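To start, the structure under review is shown below, and the notes come after it.
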Amino acid sequence: MKGFDTEFLQQLKSKIDIVDVISSYVSLEKKGMNYWACCPFHHEKTPSFSVNSVDQYYHCFGCGASGDAITFVRKMETVDFMDAVKILAERAKIPLPDLNFDSEKTIEQKRKRDAILKILRASARFYLNNLNSGHADAHIDYILSRKLSSSTVRKFGLGASLDFKTLPQYLLDQGFRREDILDSGAVVESDRHAGRLIDAQGGRLIFPIINALDDVVAFGGRVLEKTDFAKYKNTRETSVFNKSKNLYNINLLKKQKKATGLKNIIMVEGYMDTISLYQAGFTNVVASMGTALTKEQARLAKRYADEILISYDGDFAGQKGAIRGLEILRDEGASVRVVSLPEGLDPDDVVKKYGNDGYRKCLDSAMPLTDFKLEVAGRGYDLSKTEERRAYIAEALRIIREEESVSVREDLLKTLRDKTGVTYESLKRDLDNLPAETPPAQDREPVRREDGADRNVKACRFILASVLFGAKYAKNFDLSSVRFDNPVHNTIADYIADRRKREEKVRASDLFEIFDEKTPELSEILDLSLGDNLEGERAARYFSDCVKTLGRQKIEEELKKLSAECDAQTDLAEKKRITRRILELTIQLKNF
């Protein structure tokens, strides 16, 4: 299955506890038989993400995300099935077996991924050799101008692209397929010369982008002279690289967390800021590779530390980017602050101009989101002018209202008072009198989602859920007495029948080896495990009603079919036989 023997996967799952696995990423709280948390896959304030320790699966009653330990690691680590298994096997200290592929498609997918990673690794070595070849004077001069030591250059694997043609030829000479080389993103086809392969980072200083599994997945490149091209350029999105789901230097950060632990993370914009801070001793640094921090990057960062310091450039665009990043991180549950840098300087500039101590002072004075928003807002107004001061006060009050803590609001109002000269009492009244905002829709409590399914579909779901989760009233129910039309329902019923026949325990977690975790109908059935939906006399009565509903459906469909046959029948004896059967079914229907 997916390259690994079924027996090995069962052994792996028996060695790991999904509660331990998930609790290493999110904070779980035990309530009743299950563990609960705010879902790591969508924003919510009330926990609706449940982990079933008995059946070893998770399910979110808010967004429908569900799966086993392998599914969870795959989504959290942004890796494929095989890499998720490798991570869990390493955690459980179980050696990986030889792969056992069950389809040509799977074989090709594995071959393609392995080939792309080999091409990228070979390209990184090629670039590194170029840097040390004696022909990369411009690249070396740039490195020296940025005052990077040779050990730092080696640590980050910096390299040099000398031209546009030698990398493609090198990779072809190594025996890699042309199609795989293009799919790696390291090489592209020339716009000017059809069919010609060129280095996507031609002539640039190369920054290998390495994921948390120590695989080279892409490259960043910097031009070395003035040009109309972008100063920095990343590898295009590929099957192994998605910029929005990666952080630069995550590989070294992961090693540091394992070795010494992490109190917090510094998040910067680009490659040079990361490398410069790392060299200066601030090794807990990663880069978003651009100002637009994504939710996936925020979740990735939070896995390594709960406290995150955003340290974007000191210009106005950088500050706005910091605010957006702070809001995303805050929504993901991280404790976040922003590092205010001198106007026009980036972290690399601060370290060079003011030294390590100067940057450390910036970190020590990092501000919470609301405070920083107020400071940035204040830069847009001339408070010596009455109209602008009033406009600033109006904007500041809207910002302060976002703060949930009453004591923090009071402190912020005092700061605003001192800055504007308006009395605290007046500011407090204006804050209280602000028009109410329409709050965003939130999950106040875990509530099952309604999808508009008809009565018969809901009956099928309830019957399957009752049997799947071992409800007392459904313990000996024979699923073969019910006809399921939905293929997902049929598959679940077949799975249960097979387990019962072999006298093995029925586990909901086994279904994630059969279905994709995004299967909507499976999610609807799992939703029914919430609370006491399947417990007590009310549930038992509803189960009985569901059985009757499907029984009536079966009879009604047969009556409809027989009526059509009777109307079309010309043989009198056969017509009488069908009529007698219709009468029998009609009586049965009345007795339901």
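Across region 350-385, what is the total count of residues that are in a helix (DSSP H, G or I), farther than 24 Å from E410 by Cα and open to solvent by 60 Å² or more (accessible area, probe 1.4 Å)?
Selection size over region 350-385: 7.
Mind checking whether some residue in region 251-269 is on the phi > 0 side of the Ramachandran plot and surrounded by fewer than 24 Cβ atoms within 10 Å (Cβ to Cβ)?
Yes; the residues of region 251-269 include at least one that is on the phi > 0 side of the Ramachandran plot and surrounded by fewer than 24 Cβ atoms within 10 Å (Cβ to Cβ).
Quick check, is L522 part of a loop (DSSP other than H, G, I, E, B) and open to solvent by less than 50 Å² (accessible area, probe 1.4 Å)?
no
Restricting attention to region 389-406, which residues are assigned to a helix (DSSP H, G or I), open to solvent by 80 Å² or more (accessible area, probe 1.4 Å) and within 17 Å of T370 (Cβ to Cβ)?
Once the filter is applied, which keeps residues that are assigned to a helix (DSSP H, G or I), open to solvent by 80 Å² or more (accessible area, probe 1.4 Å) and within 17 Å of T370 (Cβ to Cβ), region 389-406 yields R398, V406.
Those residues that are of a type outside the set (F, W, Y) and under 11 Å from L550 (Cβ atoms), I need them from region 480-498; list them, please.
Result: S481, V482, R483, D485, H489.
So which residues in region 111-146 are of a type in the set (G, A, S) and closer than 24 Å to V240 by Cα, if there are any at all?
A115, A122, S123, A124 - these are the residues of region 111-146 that are of a type in the set (G, A, S) and closer than 24 Å to V240 by Cα.
Which one is nearest to the chain's Cα centre (by Cα), of the residues in region 262-278 that are of a type in the set (S, T, N, Q) and assigned to a helix (DSSP H, G or I)?
Once the filter is applied, the top-ranked residue is T274.
Would you pick out the residues in region 47-70 that are open to solvent by 40 Å² or more (accessible area, probe 1.4 Å) and touching a residue at least 40 places away in the same chain (Cβ under 8 Å)?
Correct list: P47, Q56.
Out of the residues in region 172-208 that are among the basic types (K, R) and touching a residue at least 24 places away in the same chain (Cβ under 8 Å), which is nearest to S133 (Cα to Cα)?
By that ranking, first place goes to R204.
Give me the pairs, please: first residue somewhere in region 532-560 and farther than 16 Å from T586 by Cβ, second residue anywhere and modelled with pLDDT of 85 or more and open to solvent by 30 Å² or more (accessible area, probe 1.4 Å), beta-carbon distance under 6 Å, and either six or more positions apart or on two chains.
As it stands, the answer is L534/F469; A540/Y473; F543/Y473, since those pairs meet every condition given.
Is it the case, given these coordinates, that K13 is over 21 Å from A212 (Cβ atoms), part of a helix (DSSP H, G or I), open to solvent by 40 Å² or more (accessible area, probe 1.4 Å) and among the basic types (K, R)?
Answer is yes for this residue.
Tally time: how many residues in region 526-569 are more than 16 Å from R455 (Cα to Cα) and not in a helix (DSSP H, G or I)?
Qualifying residue count for the region: 8.
If you take just the helices (runs of 4 or more DSSP H) that sit entirely in region 42-158, which of them hold at least 1 residues that are within 30 Å of I198 (Cα to Cα)?
So the answer is 104-131, 137-145, 150-156.
Can you tell me which residue is farthest from D527 (Cα to Cα) among those in region 460-488 that are without any contact (Cβ under 8 Å) to a residue 60 or more places away in the chain and touching an Asp or Glu at 6+ places or on another chain (Cβ under 7 Å)?
That would be N486.
Looking only at region 295-310, which residues are open to solvent by 10 Å² or more (accessible area, probe 1.4 Å) and not in a helix (DSSP H, G or I)?
Those that are open to solvent by 10 Å² or more (accessible area, probe 1.4 Å) and not in a helix (DSSP H, G or I): R303, Y304, D306, E307.
Suppose we filter F207, F282, F219 for residues that are aromatic (F, W, Y) and surrounded by fewer than 24 Cβ atoms within 10 Å (Cβ to Cβ); which single one remains?
F282
Only one of A287, A292 is open to solvent by 10 Å² or more (accessible area, probe 1.4 Å) and either touching a residue at least 12 places away in the same chain (Cβ under 8 Å) or under 29 Å from V223 (Cα atoms) (or both). Can you tell me which?
Only one candidate passes the filter, namely A292.
Is there any pair with a first residue in region 141-157 that is at positive phi and a second that is surrounded by fewer than 17 Cβ atoms within 10 Å (Cβ to Cβ) and outside any loop (DSSP other than H, G, I, E, B) whose Cβ atoms are under 8 Å apart and which are 6 or more apart or on different chains, and what are they?
Sorted first by the residue in region 141-157, then by its partner, the pairs are K147/K352.
Give region 29-40 a look and list any residue that's within 22 Å of E296 (Cα to Cα) and either more than 18 Å from the chain's Cα centre (by Cα) or of a type in the set (S, T, Y) (or both), or say none.
Within region 29-40, W36 is the sole residue that qualifies.
Can you spot a residue in region 339-353 that is within 26 Å of A396 (Cα to Cα), out of contact with any strand residue (DSSP E or B) (no Cβ under 9 Å at 6 or more places or on another chain), modelled with pLDDT under 85 and among the charged types (D, E, K, R)?
Yes, that holds for at least one residue.
Take S335 and tell me if it is surrounded by fewer than 15 Cβ atoms within 10 Å (Cβ to Cβ), closer than 30 Å to K243 by Cβ and either touching a residue at least 60 places away in the same chain (Cβ under 8 Å) or of a type in the set (S, T, Y) (or both).
Yes; evaluated as a whole, the condition is true for this residue.
Counting only residues that are over 15 Å from D55 (Cα atoms) and in contact with a Gly (Cβ under 6 Å, 6 or more places away or on another chain), which one in region 496-526 is modelled with the lowest pLDDT?
It comes out as E517.
Taking S288, is it polar (S, T, N, Q) and closer than 21 Å to R154 by Cα?
No.
Which of the residues spanning region 222-233 are closer than 20 Å to N246 by Cα and open to solvent by less than 60 Å² (accessible area, probe 1.4 Å)?
Matches in region 222-233: R222 only.
With (1) surrounded by fewer than 18 Cβ atoms within 10 Å (Cβ to Cβ); (2) modelled with pLDDT of 90 or more as the list, and A493 as the residue in question, which single condition is left unmet?
Evaluating A493 over (1) surrounded by fewer than 18 Cβ atoms within 10 Å (Cβ to Cβ); (2) modelled with pLDDT of 90 or more leaves (1) as the failure.
Please state which one of F49, F61, F81, F72 is touching an Asp or Glu at 6+ places or on another chain (Cβ under 7 Å) and either more than 24 Å from L171 (Cα to Cα) or modelled with pLDDT under 90 (or both).
After applying the criteria, what remains is F61.
Residues of region 127-178 being open to solvent by 60 Å² or more (accessible area, probe 1.4 Å), under 35 Å from the mean Cα position of the chain (by Cα) and over 20 Å from I210 (Cβ atoms), which ones?
Within region 127-178, R177, R178 meet the criteria.
Being modelled with pLDDT of 95 or more and of a type in the set (S, T, Y) is the filter here; which residues of region 95-124 pass it?
The one that is modelled with pLDDT of 95 or more and of a type in the set (S, T, Y): S123.
Give the residues of region 456-500 that are assigned to a loop (DSSP other than H, G, I, E, B) and among the β-branched types (V, I, T), sorted by residue number.
V482
The values are calculated or read from the model by the stated rules, or taken from the named source; none is laboratory data. Just so we're clear, the structure is a prediction, and the values are computed from it rather than from any experiment. Because the Cβ atoms are built from the backbone with ideal geometry, glycine has one as well, and the counts that use them run over all protein chains shown. Areas reflect the complete protein model, heavy atoms only, side chains present, ligands, DNA and RNA absent. Shrake-Rupley method; radii C 1.70, N 1.55, O 1.52, S 1.80 Å.
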